[in-house]
Amino acid sequence: MNDRGYGPWSDACFFTYDPNRPVAPKISSTTYPESNTEDPEDPWHRGVGHSGRFGFTTTSPDVVKFRYGINQNPQSDQERSVSSPWVWVNPQNTGVHRVTVQAFDAAGNPSDIRTYLFRVGAGAPPGGQWTFDEGGSGYAPAGNAHVTDEDSFSGAGLALDGSGDYVTSSVGRLSTQHTFSVEAWVKLDALPARSGSVVVSQASTHKQGFKLYYQAANERWQFGVYSADDPDARAVVAVSDAPVEVGEWTHLVGVHNNIGSTLRLYVNGVGGATKSANGLASDGPIMIGAAKYGSSSPQYSVDGVVDHVRTYERAVTAYEAAKLASAAAPEVTSRWTFSQVDDSGSPSRVLNEVPGAPDLHLKNAARVEGDFGVVGEHNLVLAAGGTQLGAASTPGGGLPLDWGKSFTVTGYGGLPAAPAPDGPPMTFLSLSGATEDLIQVQAVPYPDQETGLGVVRWELEARAKDATSAPVRTVVDAANPFAYSLFHIAVTWDAPSKRLRLYVNGDSIDDAGETGTGPADGVVLTDPPDRLHLGRRVDAGSPAGAWPGAIDDVWLFTGALQERQIDQLADTNERDTVVPGEEQ
């Protein structure tokens, strides 16, 4: 450095000015070919849970990286270099999906965004399935393993006593070095003091391709795979967060995804943390109720009942796991037939047919009479005329419904005469919070185009929160105008899919005409209901929407009933207080 503070001359410096943008890259996939939106016969490909590789190519020689997005525009944290120009996508639901990509050159110039649409069909069905309803086919029992219909999850189940009982099957074996899933329902009657209880496994020479099991050391459900079929190999396991409950039916799904080498366990539809794991190739039989190690006899038997075991050559998605878990057999949580009334108090109470469940309290002019009793000789009458009509409500708190789980509410009703064409909406039933209705079913009068007489259309409204300002979703049946007479209403809430559905006289409102809607999807229900109301709703803390007719045989269920079950309830024949289809 000289006395002026300057150092020696450097070597020559160069820079490149590049104002030119790369051309938009191309996207290709053999698993999910690009959709042709103008082709009415454009096919659906592969399916949910089946991974596909999407490659990126460019004709611009100076491109250094690709930025991509899955069902969104390219994201800065999702990039691939030109040396590995591809991305794996595992579709989580059916429908038209998109991959977007943008190329960048060394100067940072971006290309236009290329969008690639592809159609995803339903996930492949199980390769192996053991419901045990078919008797003894498809598997070989050992020990005291036997089929029972007395304590099963649904239909019949596999009863095991924990003393070397199990069944084996060569059907539905999995390529455990690739992507796969295994599902089972299990109810443990007792926990082993040591070791564990294996619900499902697939044998190899020394270890297993997988095992879905209870681990006594930490009292948790676990899903494990081995990376090597070695006597000293240790399993990589995904562990559930919740403790095991004895005597309770539990739904388990274990997923090994070879794309990304991940392992995940879902318990009752809730997924835990993923673990990094590579599975070994195994070709042994499927074993239900135990696991085999080397040449020793199968061990770690289950003391309990196993049902609905399924194996999949794909990844079961988080949504599917929740949906499968919600398939738990529905249960009746409340029923009011209006045949049991306690007049000793004020107001009178209509007793619940389910012991311990809340009764209905009659309000204002509401009374129990015998106008058109669907079940027995009595029904609820909400006096006609005026605006101060009667109602029936459960007391605050204790309503056996949970927004986090699926449910169904049904009931019969009737109107004594055709409504006034310009009359106000009439609420048949509602589930409310303290200040607003959260779900309500109402009949909205309007004039018939041909006769001018009053008819009604049915509407189902759902409010996200117990607040006047909360958004409201509406399901409308405009295709089937209703005058008056006997009718049946049902509402189902499918929690995993967030789908709210309205049924009128056993028919789902899936095609409600040009001015109607189908079921409401993506519904968000945040605040839990506090009360059930018959013949009224709650508006800013005050009763509204009076029903000037009769109501009978109201049910509440956990679980979303199927359409065939709702159709059975819509039949006016009297029935026992059991889930439709479970009558003896």
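The values are calculated or read from the model by the stated rules, or taken from the named source; none is laboratory data. These figures come from a predicted structure and were not determined experimentally. All Cβ positions, even for glycine, are placed from backbone atoms using ideal geometry, and neighbour counts span all protein chains on display. Only protein heavy atoms, including side chains, enter the accessible area calculation; ligands, DNA and RNA are left aside. Shrake-Rupley method; radii C 1.70, N 1.55, O 1.52, S 1.80 Å.
Tell me whether the stretch 281-293 contains one or more residues that are assigned to a strand (DSSP E or B), basic (Lys, Arg) and open to solvent by 50 Å² or more (accessible area, probe 1.4 Å).
no
Which of the residues belonging to the stretch 562-584 are open to solvent by less than 10 Å² (accessible area, probe 1.4 Å) and modelled with pLDDT of 85 or more?
Within the stretch 562-584, Ile566, Leu569 meet the criteria.
Looking at this structure, is Pro355 outside any strand (DSSP E or B), farther than 21 Å from Asp530 by Cβ and at pLDDT 80 or above?
Spelling it out, Pro355 is indeed outside any strand (DSSP E or B), farther than 21 Å from Asp530 by Cβ and at pLDDT 80 or above.
Scan the stretch 109-125 for residues that are open to solvent by 40 Å² or more (accessible area, probe 1.4 Å), at pLDDT 90 or above and not in a strand (DSSP E or B) and jot them down.
Asp112, Ile113
What are the pairs with Cβ atoms under 8 angstrom where one residue, in the stretch 387-410, is under 11 Å from Leu534 (Cβ atoms) and open to solvent by 40 Å² or more (accessible area, probe 1.4 Å) and the other, located anywhere, is modelled with pLDDT of 85 or more and assigned to a loop (DSSP other than H, G, I, E, B)? Sequence gap at least six, or different chains.
none
Please work out which one of (1) assigned to a loop (DSSP other than H, G, I, E, B); (2) surrounded by 19 or more Cβ atoms within 10 Å (Cβ to Cβ); (3) modelled with pLDDT under 95 is the condition Thr37 fails and give its number.
Against the list (1) assigned to a loop (DSSP other than H, G, I, E, B); (2) surrounded by 19 or more Cβ atoms within 10 Å (Cβ to Cβ); (3) modelled with pLDDT under 95, Thr37 comes up short only on (2).
Mind checking which residues of the stretch 78-101 are outside any strand (DSSP E or B) and either closer than 20 Å to Ala318 by Cα or in contact with a Gly (Cβ under 7 Å, 6 or more places away or on another chain) (or both)?
Gln78, Pro85, Asn90, Pro91, Gln92, Asn93, Thr94
Is at least one residue of the stretch 255-265 more than 30 Å from Phe557 (Cβ to Cβ), at pLDDT below 90, assigned to a strand (DSSP E or B) and open to solvent by 10 Å² or more (accessible area, probe 1.4 Å)?
Checked against the condition, which is being more than 30 Å from Phe557 (Cβ to Cβ), at pLDDT below 90, assigned to a strand (DSSP E or B) and open to solvent by 10 Å² or more (accessible area, probe 1.4 Å), the stretch 255-265 yields no hits at all.
Would you point out the residue of the stretch 428-462, among those that are part of a strand (DSSP E or B) and open to solvent by 30 Å² or more (accessible area, probe 1.4 Å), that is farthest from Arg536 (Cα to Cα)?
Taking the candidates together, the pick is Pro447.
How many of the residues in the stretch 219-248 are assigned to a loop (DSSP other than H, G, I, E, B) and either open to solvent by 60 Å² or more (accessible area, probe 1.4 Å) or within 20 Å of Phe180 (Cα to Cα) (or both)?
Residues meeting the conditions: 13.
Out of the stretch 71-91, which residues are hydrophobic (A, V, I, L, M, F, W, C) and open to solvent by less than 50 Å² (accessible area, probe 1.4 Å)?
The answer is Val87, Val89.
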